[in-house]
Every structure is written in C-alpha cells, then in structure tokens.
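Take a look at the structure below.
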Amino acid sequence: MAGHRVIPIAAAAALPLRERKRQGPKGRQPSDQALAEVRQLLGDASRQSDLLIEHLHKLQDHFGHLSAAHLSALAQEMRLAQSEVYEVASFYHHFDIVKEGEEAPQALTVRVCDGLSCELAGAQQLLQKLPAILGREVRVIAAPCIGRCEQAPAAVVGQNPVPCATTQKVAECVKEGATRHEPEGYTGLSQYRAAGGYKTLQQCLAGERDVEAVIKVMEASGLRGLGGAGFPAGRKWRIVRNEPAPRLMAVNIDEGEPGTFKDRVYLERDPHRFLEGMLIAAWAVGIAKIFIYLRDEYHGCRSLLEQELARLKADPLGKQLPEIELRRGAGAYICGEESAMIESIEGKRGMPRLRPPYVAQVGLFGRPTLEHNFETLYWVRDLLERGPEWFASQGANGRKGLRSFSVSGRVRNPGVKVAPAGVTIQELIDEYCGGMADGHKFYAYLPGGASGGILPAGMNDIPLDFDTLQPYGCFIGSAAVVVLSDKDSAMGAARNLMRFFRDESCGQCTPCRAGTAKAHALIQSPKWDVPLLAELSQVMRDASICGLGQAAPNPVDCVVKYFPHELG
C-alpha cells in the first residue's frame, strides 16, 4: 500500500525492539471504573508490595469477592504483574475470585467448621440442613478448623462466630445482618495498668532491669516455644540478639492446628499481658519493628487488638516503643509454620522456605527475625515477676512448667485448662474437665492436635509434655487435646484429619501435595492397604519440606499401630 512500509512476519521478528510497535499495552487492562473503585478503596494507604494481602482483604470485604477487573486494577495500582496478584489471591481460602462470565457468590457466606471436634458434635448435619433453611441468598460451605473447638459445632456467619451452633442460632445470626459481635469483658489498658501491668516493661525501658539478667531468667525458667516447635525461648532471644541490626519480630497468632484455641481465649481475656511480654522481648533483643500475624477467622480479636494497640500508642509509654503492625491472615493453615507466615507477611503465597538460612538469621525482608507464638510471650511477665523457679516448679510426673491445654471432644467441660506440664490424659479428663460427657466412655485421644497422632485410652498414663510422646509416634505440639469416646472410631478421625491435610497442603513439594491426596484416597477403603500406606508415610516423612507433610501420616500410622481391631 502506498505510504506504508510492509514488513514480512519473519523479518519483523528480527527488527530491533525500538522499531517494534504494539497496538496496545500487554495483558489485561483495567477499566477506568475498576481503577477508580480500587483507588477509592485504598485511599492514601501505601502501595508497597508487602501490603498486597491487606489490600486484597479490602476488596473482598467491600465487594464480597475479587473480580478479574479489580485484580487487574490492583496490579496496576501496586505496580505488580497480574500473575503475582492472581497467584497470591488464589492461594488463600478466604479470597473468592470471580472470573469473567462467572456469577459472583452470594452476599453472605456461612462457614460451618468440619474439623474433628465439630464433626463429633454434628457439623455434617448442620451442613446438610442449613442450605434449605437459609435459602439461595446465603452461601453455606464447609470450613477447616476455625479455632472454636470448645464451642463445637461452630460456625461463622459473615464475620460473626456462632458458638455451639444450631440451625436456629445460625438463622437468627443471618437475620441480624452485618452487625459484628466483639469480645466483651476483657481487661483493657486502664484496668491492666491499675493491676500493675506494664511496670515490668517500664523497669526494662528505664534501665532498672539488665538485658542479660532478663535473658538468663528466660533460660533458667525452661520456657519453650508453645506454638508447637518447643524451641527454648531464652536461647532464641540470645541467638537473634547476636545477629546484626536492624532486627525484626514476627508474632504468630495463626493457630490453625485443629483442636487449638488457647491463643484466642487468652487474647479475648487479657490482651495486654501478651503485649507486655512481646514488648519486653523486643526490648531485650533490640527489635526495630514488630509484625503481629493474626488468623482471619478471629475477626473480633482483630478489632480488639486494633483498639488496644491504638490506646497503647496514645499512652506516654507508647513513645518509647517500636512500631507495631497488625497483619491479617487469609485462611491458610500452612501459615502457622514460621517461614510460611513470614512469606505471607511479605505479601506472598504462604510457602515454607528451605533452611538454612534460618529465620533468626534471614527472616522478614531478609533481616534477622525473632519469631514467637502468642502464648510463649503471654508468660513472660509472670516469669520475670515471679522468678524462673516459680515456673519450673509447676510440673508433674518429673516435668517442669505449666501448659495451656486446649481440650475438646467428648468431655463434660471442654476449654483451655492450665495444668502442670506432664499431667496425664486421665488426670486432665477427670480433674480438669469434669470427666467424660454423659453417655460416653473414654476410647482414644489426640495429644497434640491433628498432626500429633492418636493414642488409645489404655495408654492414659503418659506424661503430656515435650519429648514424652515421641517414643509412641506422637508429640504434644501446641497441646491441643481431642478426646474420643466409644461412639467414635480412630479410623474416622484419621479420615477427617487427612482430608484437612490434603486441603491445606501448600502444594510446593510433591511428597506432601501428592502424598496427602493419595493417603486420603487410600484410607477411604473399608480395608486399608497397610504396606502401601507405610511406604507412603516414609516418603512423606523423609522428603517433605516442612512439618505439615512430615507429620501428616501420624494419625494413619497410629491407627495401624494402636487400633488394628478397627482395620478388620
């Protein structure tokens, strides 16, 4: 054509980049409307990449889902590749992505926990009945453990928890609409200060307490990480303190282990005791900034923490404290693993890191990081005020310290039970839980949540503590105890737990991704292929990257070892 330069396709490919012309920008382009909506919702908040999950929550909360148009606009606004935004949004359970041509989900979602404790209490019957009762305008879905096992069966209507849920209770909550229920009756800042709170922290900040002396108290107490790993807390403080500054801190309140709810209970009652312990640890280690990672299911706790952190910041004491940032999980059990949590805080998929380097050396944003569980920090004030001997003298059966046991299942009085480390399951049931529930006979128990294994009632004299259960193929973890009765089966429990592991595997490594799915499929059969399950278990233990895949076979292995009569 006259006036136009015609270039053959093959020749065009060889042209220098400056001569190539694209008809339009590459990839999906956001509409002006979507871009305006995203900008209005984000306001003047920073667009830094580690806030991606926080901004996804804003979109999800406001629109009830994540549309393709809004994801595209968010990517442009944060200067991220659309693939980065999509891979993060699609990783977490609590984000509902709606593709072009698909219908958005209902405005209100009811999540019914189908974890083991809730399944024992009738969760499946709730899931069957609720859709017909609530109608098509409400979405009813099964959800993994939501951290309310003592209130089984538990449900969440929107962001409102429904303890001891019935169809009537859920329906009434749906009628209430968007009104969110907040924790009540907890110890706020003024009450905490009036009872002597923050005096120990002030002593530290004023130089009345020496860092070395404080760390020695922690070491002498024998306090170990109470999130499950059990690493000595004082030793961790010393290790991170010896790393180069700036040092950061990450606090794990993402207790997603089925059967665990102790952190939530303590947070709802006495948040400042935890905050003071956290700030003492930050002072001792020389922390520049603190990130608190709270699981998304704890909506009321998030409001509580936001309010109390604001009060603390406005207090004269707040001027001496490091910056504290509250980050919101998005429904991923794997983020309870410390390096996966750090990946999530950085705005990425919660995939565990290969180690070394360890988090203490290269953690958040590449800096040395002190990572702690909520309950570990909750005990710090008591240890410093009462002395290490007080804590160490509390144990039973030759063990040292106190443990907070989350007890659920077939007991008369489930809940958080503070008991001596080394207490036996029989003592825990009889002396702390009021015995078994009416009409139930003790049959079996999980000493350490979903991944801690299953033991028969005949093995009721084992001290429950770190290092005492490993000889039996179990461990205590976060001390989540689920009690089964003669109306339950260990095989049924194992099926429930393996379904959970299959759904919660991050998918990064094949042994866990494929192994949990294969194990779940194999144990659906009435007669188990024991040799094949044993081989699969060994591969998962040897080759999985993190503790999820390594511990997932525990329930199945325990059924084979301790409940052969159920296998036929």
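Listed by first and then second residue, the pairs with beta-carbon distance under 7 Å, at least 6 apart or on different chains, first residue in the stretch 208-221 and closer than 9 Å to R238 by Cα, second open to solvent by less than 10 Å² (accessible area, probe 1.4 Å) and outside any helix (DSSP H, G or I), form an empty list.
Screening the stretch 99-140 for residues that are among the β-branched types (V, I, T) and open to solvent by less than 50 Å² (accessible area, probe 1.4 Å) and picking the one that is farthest from S505 (Cα to Cα) gives V138.
Would you check which residues across the stretch 468-480 are assigned to a loop (DSSP other than H, G, I, E, B) and touching a residue at least 24 places away in the same chain (Cβ under 8 Å) and list them? Explain how you work it out, then say what you get.
Taking the stretch 468-480 first, the residues assigned to a loop (DSSP other than H, G, I, E, B) are 468-469, 473-479.
Those that are assigned to a loop (DSSP other than H, G, I, E, B) and touching a residue at least 24 places away in the same chain (Cβ under 8 Å): T468, G473, C474, F475, I476, G477, S478, A479.
Applying the condition of being among the polar types (S, T, N, Q) and out of contact with any strand residue (DSSP E or B) (no Cβ under 7 Å at 6 or more places or on another chain) to the stretch 345-379 and asking which residue is nearest to I324 (Cα to Cα) yields T376.
Let me confirm something: among P232, P153, which residue is surrounded by 15 or more Cβ atoms within 10 Å (Cβ to Cβ) and without any contact (Cβ under 8 Å) to a residue 40 or more places away in the chain?
Only one candidate passes the filter, namely P232.
Residue by residue, here is whether (1) in a helix (DSSP H, G or I); (2) within 21 Å of the chain's Cα centre (by Cα); (3) crowded, with 23+ Cβ neighbours inside 10 Å; (4) touching a residue at least 60 places away in the same chain (Cβ under 8 Å) holds:
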| position | (1), (2), (3), (4) |
| --- | --- |
| L304 | yes, yes, no, yes |
| K313 | yes, no, no, no |
| G318 | yes, no, no, no |
| S344 | yes, yes, yes, yes |
| L354 | no, yes, no, yes |
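Within the stretch 239-289, the set of residues being touching a Pro at 6+ places or on another chain (Cβ under 6 Å) and in a helix (DSSP H, G or I) comprises V240, E268, A282. Residues considered: V362, V407, V418, V423. Of these, the only one that is in contact (Cβ under 8 Å) with a residue 60 or more places away in the chain and among the aliphatic types (A, V, I, L, M) is V407.
Every condition in (1) out of contact with any Ser or Thr (no Cβ under 7 Å at 6 or more places or on another chain); (2) assigned to a helix (DSSP H, G or I) holds for I133 except the one numbered (1).
Among the residues examined, I280 does not qualify as over 20 Å from the mean Cα position of the chain (by Cα), open to solvent by 10 Å² or more (accessible area, probe 1.4 Å) and either among the β-branched types (V, I, T) or modelled with pLDDT under 95 (or both). Counting only residues that are within 20 Å of G331 (Cα to Cα) and not in a helix (DSSP H, G or I), the stretch 42-86 holds 4 of them. Annotation note: of E37, E54, E77, E87, the sole residue that is of a type in the set (D, E), over 27 Å from G507 (Cβ atoms), in contact (Cβ under 8 Å) with a residue 40 or more places away in the chain and open to solvent by 30 Å² or more (accessible area, probe 1.4 Å) is E77. Of all residues in the stretch 117-143, those that are closer than 12 Å to A155 by Cα have Cβ atoms under 8 Å from Cβ atoms of residues that are open to solvent by 50 Å² or more (accessible area, probe 1.4 Å) and assigned to a helix (DSSP H, G or I), 6 or more apart or on another chain, in V140/P131.
Every condition in (1) open to solvent by less than 40 Å² (accessible area, probe 1.4 Å); (2) touching a helix residue (DSSP H, G or I) at 6+ places or on another chain (Cβ under 6 Å) holds for N554 except the one numbered (2).
Put simply, of P564, P511 the only residue that is over 23 Å from E257 (Cβ atoms) and not hydroxyl-bearing (S, T, Y) is P564.
Just checking: which of the strands (runs of 3 or more DSSP E) contained wholly in the stretch 356-461 hold 3 or more residues that are in contact with a Ser or Thr (Cβ under 6 Å, 6 or more places away or on another chain)?
Numbers: elements: 369-373, 402-409, 415-420, 442-446.
By residue number, 402-409.
Checked against the criterion of being at pLDDT 95 or above, crowded, with 24+ Cβ neighbours inside 10 Å and of a type in the set (D, E), the candidates D503, D465, D488 yield just one match: D465. With respect to (1) assigned to a strand (DSSP E or B); (2) open to solvent by 20 Å² or more (accessible area, probe 1.4 Å); (3) aliphatic (A, V, I, L, M); (4) closer than 17 Å to T376 by Cα, the lone exception for L326 is condition (4).
The values are calculated or read from the model by the stated rules, or taken from the named source; none is laboratory data. Bear in mind the structure is a predicted one, so any value in this text is a computation, not a measurement. No Cβ is skipped: glycine too gets one built from the backbone with ideal geometry, and neighbour counts run over all protein chains shown. When the accessible area is computed, the model is the full protein with side chains, heavy atoms only, and any ligands, DNA or RNA have been set aside. Shrake-Rupley method; radii C 1.70, N 1.55, O 1.52, S 1.80 Å.
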